[in-house]
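Below: the structure, in C-alpha cells.
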Amino acid sequence: MTMPEKKDRGTRSSLSRRLRTLLLIGAAVLFLLFIPTSRTGHHETLQGETMGTTYTVRFRKPEGRPWPQAETDGLARRIETCLADVNARMSTYQPDSEVSQFNQSPADVPFALSPETFEVFEAALAVSVQSAGAFDVTVGPLVNAYGFGPPPEPPEPPTAEELETLRQRVGYRLLVPDLQARTIRKTRADVYCDLSGIAKGYGVDRVAAVLEAEGLTDYMVEIGGEVRAAGRNPEGRVWRIGIERPTRDGRRVVMRAVELADRSLATSGDYRNYYVADGRVYSHMIDPRTGRPVEHALASVTVVDSRAMVADAWATALMVLGPDEGYNLAEARGMAALFLVRSAEEDIVERATSAFSALTAGPAKP
C-alpha cells in the first residue's frame, strides 16, 4: 500500500477524534434500535458511561419478593463497581491499570495477573491461535501508529520503514502464558497489549453475572454495542436486537433483527472509525499479520455466542479475515455470524453462516 503524503496534523487529529466519537456514540445506539422502549412497573433501566462509551441495562424485577427503589440503587452501585473494576484492570488509558503495568514490565519476567485479567488474556490468545493471528492483543503499536490509539495527537500513518520496525513488536506468539501460575511473560520488553477488542464483551459478561447473582433472569446488557440478553423483554417476548446497515454518511437503518435469548452478540465494522488521506480510506481495523488497515469489501461482521467476550473477539477476527476467509472459517467452526459485504455497486450484501441463519428473526419491521 502506498503511504499518503503528510497532512496537516491538526486537521487530521481533529478529524480522527470526531470519527472516533461517532464510533462510540454509534456503537451505543446500534443495537438499541430494535429494543422495545415501552416500560412497565416491573422493569427498570440503568444507564451510564464506561470504557470510553456508554452502557444500558434493562431488567425485570424479580417476582415473589419486594423490590423497593433501594434495591435498584444498590444494584446500580454494584454494576458501576463491576465496570470500574474492569477498567482498572484492562484500560490502556489508565497508566496504573493492570494491563498498563504489564506493558511497562521488562522482557522474560513472568508477570502475575489477577484471575479476571488472566481469563481475558487466555480467551484472547485462544482466538488468536484459532484465527491464525487475525485477532491479536499485541496490535496496539500499529493501531496507535495509524492514529487510533490513546495518544491525544495521533501521528501520521507510518512510513514503510517505520511499519517494518513496529511489526517486530506485534504478534501473539510474543506472549508466553503460564496457565498454572496465571502469569504472562513477554519475549520483548516493548510488546504493548491492548484488550479493547475483547474487554467490552467481558464487561457485558461481568454485568450479566451481577444481575444473575441477584436472581434476575429477564434482562438485556449493552456496552458500546456488545449485547447479552436473557429471558423476556418488557412485552414478554424474546429480545429482538437490531443489526445496523453499514453506512458512512451517518444514517441509521436497521438491516436485520435477531432474536437473542440467553446469548450474546457483538459487531465489528469499518464504517465509522476511519479517516481519508489523499483519497485513501484508513480503517481503524488493522490486520496484525500485515500491519496495515484492512482493504477488503467486508463492511461489518456480527457474531452470536454464549459469551459476549468470545463474540467480541471473534467479530474482530472475522472482520480482519474478510468476506471469504472469515466466512469460511466461521462456517467451518459452526459459528453464528452475519457478514455484510459491499458489492461492486456499493450495495450491502448479506452472507450468513448456517448457524446464524437458524437464529435470524427476519427483516426488520419499520
Residues that are among the acidic types (Asp, Glu) and under 24 Å from the mean Cα position of the chain (by Cα), drawn from region 184-198: Asp194
Residue under question is Thr138, and the condition is that it be in contact (Cβ under 8 Å) with a residue 24 or more places away in the chain, in contact with a Cys (Cβ under 8 Å, 6 or more places away or on another chain) and under 15 Å from Ser196 (Cα atoms); does it hold? yes
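Each row is one residue, and each column tells you yes or no for (1) outside any loop (DSSP other than H, G, I, E, B); (2) touching a strand residue (DSSP E or B) at 6+ places or on another chain (Cβ under 8 Å).
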site: Val57; (1), (2): yes, yes
site: Pro62; (1), (2): no, no
site: Ala76; (1), (2): yes, yes
site: Ile79; (1), (2): yes, yes
site: Val99; (1), (2): yes, no
site: Ala107; (1), (2): no, yes
site: Glu116; (1), (2): yes, no
site: Glu122; (1), (2): yes, yes
site: Val129; (1), (2): yes, no
Output the residues belonging to region 336-350 that are closer than 14 Å to Pro246 by Cα and in a strand (DSSP E or B). Leu338, Phe339, Leu340, Val341, Arg342, Ile348, Val349, Glu350
What are the pairs with Cβ atoms under 9 angstrom where one residue, in region 50-64, is modelled with pLDDT under 90 and the other, located anywhere, is of a type in the set (Val, Ile, Thr)? Sequence gap at least six, or different chains. Pro62/Thr217
Arg89 being closer than 21 Å to Ser196 by Cβ and modelled with pLDDT of 95 or more: yes
Please work out which residue is surrounded by the most Cβ atoms within 10 Å (Cβ to Cβ), limiting yourself to region 81-96 and to residues that are outside any helix (DSSP H, G or I) and free of Cβ contacts under 8 Å to residues at least 12 places away in the same chain. Gln94
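The values are calculated or read from the model by the stated rules, or taken from the named source; none is laboratory data. Just so it is clear, the structure is predicted and the values come from calculations on it, not from any experiment. Positions of Cβ are generated from backbone atoms using ideal geometry, with glycine treated the same way; all protein chains shown enter the neighbour counts.
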